[in-house]
1. Can you find a residue in the range 75-92 that is of a type in the set (Lys, Arg), farther than 23 Å from Asp8 by Cα, modelled with pLDDT of 85 or more and open to solvent by 40 Å² or more (accessible area, probe 1.4 Å)?
Amino acid sequence: MFVRIWGDHLKKLHIFSMDFVDRHGAYIRTPRGMKIIMLNSPSKDPEVYTSGRALELADPTNDPKSLRNFHRTGLLPNWETYVVAEGARICIRYPGIDDYYFDIPFHQPQTVETTLGYYRW
């Protein structure tokens, strides 16, 4: 399993997208029990949520016109995307396996969308 980081189009927001892929580059769902923690988070809750879960937390009333419901209609069944801040220190925790740490880079000036890298986990 690899962690994929991308998101030049998110430069103005100072964030990146992150997901998990297999050795062929196909996206996979996050294994049950895995936690993704942003160690340098200013938030009281440092857990990193999927974009879908973040929208659920932002809209607890489930307004039919909300972005939460719009987002749900376009998802592929095995794809979960996380949104992480540039410069974040990430820790992946999974029961029975040593914690894995890596840093999210800062956006660099460039004009072409690139995948920043794959981190083998």
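The values are calculated or read from the model by the stated rules, or taken from the named source; none is laboratory data. None of the values given here were measured: they were computed from a predicted structure. In case anyone asks, the SASA skips ligands and DNA or RNA and just uses the protein heavy atoms, side chains included. Shrake-Rupley method; radii C 1.70, N 1.55, O 1.52, S 1.80 Å.
1. Looking for residues that are of a type in the set (Lys, Arg), farther than 23 Å from Asp8 by Cα, modelled with pLDDT of 85 or more and open to solvent by 40 Å² or more (accessible area, probe 1.4 Å), one finds none in the range 75-92, hence no.
Table: residues versus (1) basic (Lys, Arg); (2) at pLDDT 85 or above; (3) under 13 Å from the mean Cα position of the chain (by Cα).
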residue	(1), (2), (3)
Leu10	no, no, yes
Thr30	no, yes, yes
Gly33	no, yes, no
Pro42	no, no, no
Leu57	no, no, no
Asn62	no, no, no
